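The values are calculated or read from the model by the stated rules, or taken from the named source; none is laboratory data. It should be emphasised that the depicted structure is a prediction, and the values quoted were computed from it without experimental measurement. In this analysis, Cβ positions are derived from the backbone assuming ideal geometry, glycine residues included, and neighbour counts consider all displayed protein chains. With ligands, DNA and RNA removed, areas are computed over all heavy atoms of the protein, side chains included. Shrake-Rupley method; radii C 1.70, N 1.55, O 1.52, S 1.80 Å.
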Amino acid sequence: MNIIVAVDKNWAIGHQNRLLTSIPEDMKFFRRETGGKVVVMGRKTLESFPGGLPLKNRTNLVLTRNPSFRAKGAVVLHSLEETLEELKKYPPEDVYIIGGDSIYEQFLPYCEVAHVTRIDHAYEADAWFPNLEEKEEWVLTGEGEEKTYFDLEFRFCRYERQGR
């Protein structure tokens with residue numbers, strides 16, 4: 001399984017259920033990476049999308065504790081175990097965990113690859129991604145050149161789990 005995330009220099013990912021910033025090249029990378037694949041998200045992440053609608057051209061799995069929650073065009077699941085069972089239907093390399101913070105935390109132990117857009121700026125935030133630099137089982141295996149969007153510097157990084 002894969003994780004895909006954009007983080008700031010403190011590994012923050014969001015504030016008040018919104019992304020910290022929107023970088024067109026990062027959005028394009030996200031669409032290219034996840035298009036035609038399976039995306040796993042929490043209910044709040046789904047609700048943050050335009051119209052609260054699932055992403056087009058993907059199989060959307062939404063994890064929520066709310067037993068009455070429904071989402072047209074998405075598979076709604078209610079536990080980590082139920083979601084892992086559902087994911088057995090798909091090749092692991094086609095599965096992308098896309099947030100938010102509690103979903104990332106729950107699924108990180110099951111993932112092999114993390115696609116991390118590192119943004120060289122610190123934002124006000126209330127949601128974070130685990131700092132992979134501090135986790136010895138995760139190794140930086142690819143790092144793109146530094147790019148800029150207006151005054152923001154960012155780079156695409158790939159981390160892989162070692163030792164399994």
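Restricting to segment 114-124, and then to whatever is of a type in the set (A, V, I, L, M, F, W, C) and under 17 Å from the mean Cα position of the chain (by Cα), can you tell me which residue is farthest from Asn17 (Cα to Cα)?
Selected residue: Ala114.
For residues that are over 21 Å from Lys89 (Cα atoms), modelled with pLDDT of 95 or more and touching a Lys or Arg at 6+ places or on another chain (Cβ under 7 Å), tally how many sit in segment 24-65.
1
Report, ordered by the first and then the second residue, all pairs with beta carbons closer than 8 Å, sequence separation of six or more or different chains, a first member in segment 59-88 that is over 13 Å from Arg43 (Cβ atoms) and touching a residue at least 12 places away in the same chain (Cβ under 8 Å), and a second member that is of a type in the set (Ser, Thr, Tyr) and open to solvent by 20 Å² or more (accessible area, probe 1.4 Å).
Thr59/Tyr90; Leu84/Tyr110
Going residue by residue through segment 122-132, is there one that turns out to be more than 30 Å from Tyr149 (Cα to Cα) and modelled with pLDDT of 95 or more?
No.
Any idea how many residues of segment 46-102 are over 20 Å from Glu112 (Cα atoms) and of a type in the set (Phe, Trp, Tyr)?
Adding up the residues that qualify gives 2.
Is there a residue being within 24 Å of Thr21 (Cα to Cα) and of a type in the set (Ser, Thr, Tyr) anywhere in segment 63-86?
no
Among what's in segment 112-124 and is in contact with a Phe, Trp or Tyr (Cβ under 9 Å, 6 or more places away or on another chain) and assigned to a loop (DSSP other than H, G, I, E, B), pick the residue that is surrounded by the fewest Cβ atoms within 10 Å (Cβ to Cβ).
In this case the residue turns out to be Asp120.
Looking at the structure I just gave you, is Arg164 in contact with a His (Cβ under 8 Å, 6 or more places away or on another chain) and either more than 20 Å from Arg18 (Cα to Cα) or at pLDDT 95 or above (or both)?
So Arg164 does not fit the description; no.
If you scan segment 42-82, which residues turn out to be hydroxyl-bearing (Ser, Thr, Tyr) and touching a helix residue (DSSP H, G or I) at 6+ places or on another chain (Cβ under 8 Å)?
Result: Thr45, Thr64.
Tell me, please, whether a residue that is among the aliphatic types (A, V, I, L, M), farther than 20 Å from Lys44 by Cβ and assigned to a helix (DSSP H, G or I) can be found in segment 128-148.
Yes: segment 128-148 contains one or more residues that are among the aliphatic types (A, V, I, L, M), farther than 20 Å from Lys44 by Cβ and assigned to a helix (DSSP H, G or I).
I'd like the full set of residues that are farther than 24 Å from Asn17 by Cβ, open to solvent by 60 Å² or more (accessible area, probe 1.4 Å) and touching a Phe, Trp or Tyr at 6+ places or on another chain (Cβ under 6 Å), limited to segment 125-146.
Passing the criteria: only Leu140.
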